[in-house]
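Q: Mind looking over this structure? Questions follow.
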Amino acid sequence: MSSSSSSPSNMSAFITFTIQYNRFVPPIIFVFGFIGNILNNITFSSHTLRKNPCATYFFCLAITNLNNLIFGLLLNYLIDAYGIDLITRTLVFCRLRFLILHCSLVLSSWFIVLAGIDRFCVSSRNIHRRNFSNLKNVRVLTTLAIVICFALYAHILVLFTIEQTGTGPVCYAQSGSYQVFYDFLFFTTFSFTPPVLMIFVGLATFYNTCHTHGKIKPVSMMSTATVSSKTIRLRKKDREFVKMLLIQLISTVILTLPIAIQKLYSTFTQQISKSSDRLLVETFFQQFVLYHFLFDSNLRRGLHNHVIIIILFMCLIWELTTVPWSMYLYLYDVVWIQTPTFCMIWKFIDSTLYTTIVKLVGWTSVERHILIFHDQWVSTKKKRFFIHYLPLIFIVLYGVVVYGTITPMNNCNIPFYYFITFCGYYSCIYDSEVFSLYEFMTGGLLCSVLIGFGSTFLVLRVILQKRRFQQHIQWRKHRKMILQLLSVSSLFFVLYLPPIICSGVQRFGSPSDIAAQFITYGRLFAYYIVFLFPFTCLSTIPELGTRIKNIFRCRWRQQVNTVFPQQWAAQVIQLDRINK
């Protein structure tokens, strides 16, 4: 009896606390936030800081924060505390408010990312990176970020609406597939991509700052007047910006991540009862290999490593989404979130990543021939863009656009079964024989041919060229490139080819039940590509194994001071005696 009566009383106390919190706390946040951002605008627009690139980013950040306070906190406070709803009075103001608010939220995160990149460049020992930090680049990047952000969210002006709910009118995205798309877009651009980049940039900046004093430089050729300026040390103003930025990065990652996660989670689970038991996801060895490729300058600059970086990043996303969702299904015989929306998202992520990775490996088998035998095709920036970067961009965008378009197509009302993979869902466009054949030829057969024959022809071509020109090509330079391709191609050829063969046999007349059993096991083995890919990359990079060994030695790294030759040191002692 007492337990049953205590639950309503606790809930009533919680509701009362929430009401009082929404009435008294937001005004304090608004006042301090408004005054603080005004002072930031005055400070960062001063004559001494106006020419500092990082200060420009903080100035733009203060402006976006003011928009967040006015269009976000203030209008929501009027609704929660006094019931004054200015948002849903007109549809035009509803759409404009969300466009300004969400663009400001997204831009505030990206301005911090750009400021972090600027501090990383300033703290770097590489003179080209330090020269990248200038006002011209800041203006270009700031303008580009604003234009891209408003272009990404321009559909708000058309597809946001005012809907009547049980608690009153609500201004938000139209319910259905567009709401799922919008929440996923907001999650990606606001709370997933910027915090991840902030973590990487923050760690890299901290690394540069801590190791700046450790570089050895002979100073025998330096004059006594320029020794202090030539030693690698951040200026006081730059160090203050680095500290300010690191604090901003940490606070932003902690405070922005729950917002979009909650919105995305509520969209997925709006049709089911919530449960606290969820599958915990671990990041695998993938992260370390990806970090090594991104922050090792020699590996990052190699054109043949760019596709490996993209594949590693996609495998990381796959491990954080599709793999744990499949593990949950195998353990509990039911999908993690039992809604049609979640099943569509699961199918979209799996199809996009799976086919894009295979297409990238297929393109790699062709590009290796260009990089080894026709390196003049990528000798200039323009040629590198059209021959190297443009195909990578096209392959990635092709998967996102195509599967993002066809996955929600369910006009044939396919039922959802929450006890099998992807809930048994597939797009209705696959009922078309023409599209199914096109998908099989481009996504399966063509990639398999490119991976298999491209690698084989590369080996044969290497042997023939070696005999013809007698080591004319720099084989030692291209040996890693060839071994890397052969290792990756072998992995995909062994694990990806069997389900493609089974699908082809089934398409051309084999009994469907026999082929279906092989396809099921073949797709299961295809998941091993994600797990084995980083180890395959590790086997082709001996430097990474050395770095792992150094990490597990667990010893403090000694800082190396500046080395002064004895002759110059003796001159300094004599000058000190003269001054005395």
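Where a number appears in this text, it was derived from the coordinates with a stated rule and is not lab data. Keep in mind the model is a prediction, meaning the values are calculated, not measured. A quick note on method: Cβ atoms are made from the backbone with ideal geometry, for glycine too, and the neighbour counts reach across all protein chains shown.
Q: Work out from phi, with θ = phi - 60° and the Karplus expression 6.51 cos²θ - 1.76 cosθ + 1.60, the ³J(HN,Hα) of each residue of segment 135-151, listed in order in whole Hz, and give x for Gly and Pro.
A: 5, 4, 5, 4, 5, 5, 5, 5, 4, 5, 5, 5, 5, 5, 4, 5, 5
Q: Please work out how much length the chain gains when fully extended from ILE35 to TYR330, using 0.36 nm per residue of separation minus the C-alpha to C-alpha distance, in nm with one decimal.
A: 100.8 nm
Q: Distance cut-off 28 Å, Cα to Cα: go down the list LYS136/LYS359; LYS359/LYS382; LYS359/LYS381 and report the pairs above it.
A: Flagged as over cut-off: LYS136/LYS359.
Q: Applying the Karplus parametrisation 6.51 cos²θ - 1.76 cosθ + 1.60 with θ = phi - 60° to the phi angles of segment 385-399, what ³J(HN,Hα) value in whole Hz is obtained for each residue in order, glycine and proline being reported as x?
A: Rounded to whole hertz, the list is 5, 6, 8, 10, 6, 4, x, 5, 4, 5, 5, 5, 5, 4, x.
Q: If you don't mind, there's one more thing I want to ask. Based on the mean of other beta carbon atoms within 10 Å per residue, what is the order of 175-186, 56-67, most packed first?
A: My ranking of the peptides, most packed first, is 56-67, 175-186.
Q: Report the extension gain between ILE28 and ALA151 in nm, rounded to one decimal, defined as 0.36 nm multiplied by the number of residues separating them, less their alpha carbon distance.
A: 40.9 nm
Q: Evaluate E = 1/(1 + (r/R0)^6) for LEU446 and GLN20, where r is the Cβ-Cβ distance and R0 equals 45 Å; express this FRET efficiency to the nearest 0.05. Don't skip to the end; give the middle numbers.
A: Details: r = 64 Å, r/R0 = 1.41.
Taking R0 as 45 Å, the efficiency between LEU446 and GLN20 is 0.10.
Q: What does the charge count around HIS374 come to, taking other residues whose C-beta lies under 13 Å from its C-beta (Lys +1, Arg +1, Asp -1, Glu -1)?
A: Numbers: positive: ARG368, LYS383, ARG384, ARG461; negative: GLU367, ASP375.
Taking every other residue near HIS374 into account, the sum is +2.
Q: Using alpha carbons only, how many angstrom separate the centre of segment 395-424 from the centre of segment 97-154?
A: Cα centres, segment 395-424 to segment 97-154: 34 Å.
Q: A further question on this structure: Label TYR178 and LEU203 with points 7 Å out from Cα along Cα→Cβ: what is the distance between them in nm?
A: Taking the two extended label points, one gets 4.0 nm.
Q: Quick one: dipole size for segment 12-114, taken about the Cα centre, charges +1 on Lys/Arg Cβ and -1 on Asp/Glu Cβ, in debye to the nearest 20.
A: The dipole magnitude comes to about 240 debye.
Q: Here is a follow-up. At 0.36 nm per residue, and after removing the present C-alpha to C-alpha distance, how many nm does the segment from LEU91 to THR165 gain when stretched out fully?
A: On the way: separation 74, 0.36 × 74 = 26.64 nm, distance 1.61 nm.
Answer, rounded to one decimal: 25.0 nm.
Q: Near ARG97, within a Cβ-to-Cβ distance under 14 Å, what is the net charge of the other residues, with Lys and Arg +1 and Asp and Glu -1?
A: +1
Q: Could you give me the ³J(HN,Hα) list for segment 155-163, computed from phi with Karplus coefficients 6.51, -1.76, 1.60 and θ = phi - 60°, whole Hz, x at Gly and Pro?
A: 5, 4, 5, 10, 9, 8, 8, 9, 10
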